[in-house]
1. Within region 30-40, identify whether any single residue is acidic (Asp, Glu) and under 14 Å from the mean Cα position of the chain (by Cα), and answer yes or no.
2. From the set of residues in region 155-167 that are in a helix (DSSP H, G or I) and out of contact with any strand residue (DSSP E or B) (no Cβ under 9 Å at 6 or more places or on another chain), which is surrounded by the fewest Cβ atoms within 10 Å (Cβ to Cβ)?
3. Please enumerate the residues belonging to region 168-193 that are surrounded by fewer than 20 Cβ atoms within 10 Å (Cβ to Cβ), more than 12 Å from Lys151 (Cα to Cα) and among the hydrophobic types (A, V, I, L, M, F, W, C).
4. Working only within region 176-198, note down all residues that are of a type outside the set (A, V, I, L, M, F, W, C) and outside any helix (DSSP H, G or I).
5. Which condition does Asn69 not pass, out of (1) touching a residue at least 60 places away in the same chain (Cβ under 8 Å); (2) out of contact with any Asp or Glu (no Cβ under 8 Å at 6 or more places or on another chain), if it passes all the others?
6. Would you call Ala25 surrounded by 15 or more Cβ atoms within 10 Å (Cβ to Cβ), among the small types (Gly, Ala, Ser) and farther than 26 Å from Glu114 by Cα?
7. On the given criteria, is Ile12 within 16 Å of the chain's Cα centre (by Cα), at pLDDT below 95 and surrounded by 14 or more Cβ atoms within 10 Å (Cβ to Cβ)?
8. Has region 175-191 got at least one residue that is modelled with pLDDT under 95 and within 20 Å of Ala31 (Cβ to Cβ)?
Amino acid sequence: MIKKRISRIHHITQNMNNKTHQQLALEACEAGVDLVQLRLKDMERAEMLDIALKTQKICKHFDATLIINDYLDIAIEIDADGVHLGNKDVDHKIARKEFGINKIIGATAYNEEEVQFHQSNGIADYIGLGTFRKTNTKPEIENFLSLQQIKDLIDTQRQTFEKPIPLLVIGGIKLEDINPLISAGVYGIAIASLINESKNKPKTVNTIRANFC
């Protein structure tokens with residue numbers, strides 16, 4: 001059985017006026033992050049490919065895992081460690097066939113039905129579960145999961161499946177949310193602004209990690 005490194009803390013890059021995606025990845029890796037999800041939006045493919053290659057070089061230097069958000073073709077072209085696919089992106093079965101069994105494939109779920117679908121499908125290595133709070137990266141989302149809903153969903157998953165897929169909660173997570181989420185049973189968290197907008201990223205990452213000890 002192939003053992004894949006699924007970090008409990010997923011750092012997600014985002015469009016910012018004062019910093020590039022690769023700068024965000026570099027600062028996060030320097031602060032101690034060991035998985036970067038590169039989330040590129042509203043760019044030409046050539047530009048995305050250039051950023052992906054530069055970010056991959058940074059991740060390799062720090063021995064960090066690189067996940068490409070949405071773009072399976074770019075993930076394949078640069079031989080990234082994995083890809084995260086939304087429910088409207090490439091079918092996960094096709095992605096697994098084209099990307100290979102050794103690669104990490106992440107899925108997205110917004111409710112219990114979608115979690116059970118991905119769990120039964122048996123393709124995804126982890127599920128990004130959201131949305132927890134309002135977030136700048138996905139302002140269109142209007143439905144949110146409460147802490148109790150997340151706990152109930154995880155309890156149902158554990159009761160239904162022998163080997164539950166790791167769930168990482170996403171969406172505007174604050175430092176004070178992390179311990180309650182862990183207590184609810186989540187495997188990990190996926191965060192963008194909490195790290196990207198931090199004035200002291202090493203301290204922020206260390207504080208986040210302390211919750212998982």
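The values are calculated or read from the model by the stated rules, or taken from the named source; none is laboratory data. Quantities reported herein were computed from a predicted structural model and do not represent experimental measurements. Reconstructed Cβ throughout: ideal geometry from the backbone, glycine too, with neighbour counts over all protein chains shown.
1. Let us first name the residues in region 30-40 that are acidic (Asp, Glu), namely 30, 34.
If we keep only those that are under 14 Å from the mean Cα position of the chain (by Cα) too, we end up with 34.
Yes: region 30-40 contains one or more residues that are acidic (Asp, Glu) and under 14 Å from the mean Cα position of the chain (by Cα).
2. Taking region 155-167 and keeping what is in a helix (DSSP H, G or I), we get 155-160.
Retained after the next criterion (residues that are out of contact with any strand residue (DSSP E or B) (no Cβ under 9 Å at 6 or more places or on another chain)): 155-156, 158-160.
Details: Asp155: 12, Thr156: 14, Arg158: 12, Gln159: 8, Thr160: 13.
The extreme case among them is Gln159.
3. Matches in region 168-193: Leu175 only.
4. Taking region 176-198 first, the residues of a type outside the set (A, V, I, L, M, F, W, C) are 176-177, 179-180, 183, 185, 187-188, 193, 196-198.
Gly185, Tyr187, Gly188, Glu197, Ser198, listed by residue number.
5. Of the numbered conditions (1) touching a residue at least 60 places away in the same chain (Cβ under 8 Å); (2) out of contact with any Asp or Glu (no Cβ under 8 Å at 6 or more places or on another chain), the odd one out for Asn69 is (1).
6. On the way: surrounded by 15 or more Cβ atoms within 10 Å (Cβ to Cβ): yes; among the small types (Gly, Ala, Ser): yes; farther than 26 Å from Glu114 by Cα: yes.
Yes.
7. Details: within 16 Å of the chain's Cα centre (by Cα): yes; at pLDDT below 95: no; surrounded by 14 or more Cβ atoms within 10 Å (Cβ to Cβ): yes.
Against the criterion (within 16 Å of the chain's Cα centre (by Cα), at pLDDT below 95 and surrounded by 14 or more Cβ atoms within 10 Å (Cβ to Cβ)), Ile12 does not qualify.
8. Taking region 175-191 first, the residues modelled with pLDDT under 95 are none.
Looking through region 175-191, none of the residues is modelled with pLDDT under 95 and within 20 Å of Ala31 (Cβ to Cβ).
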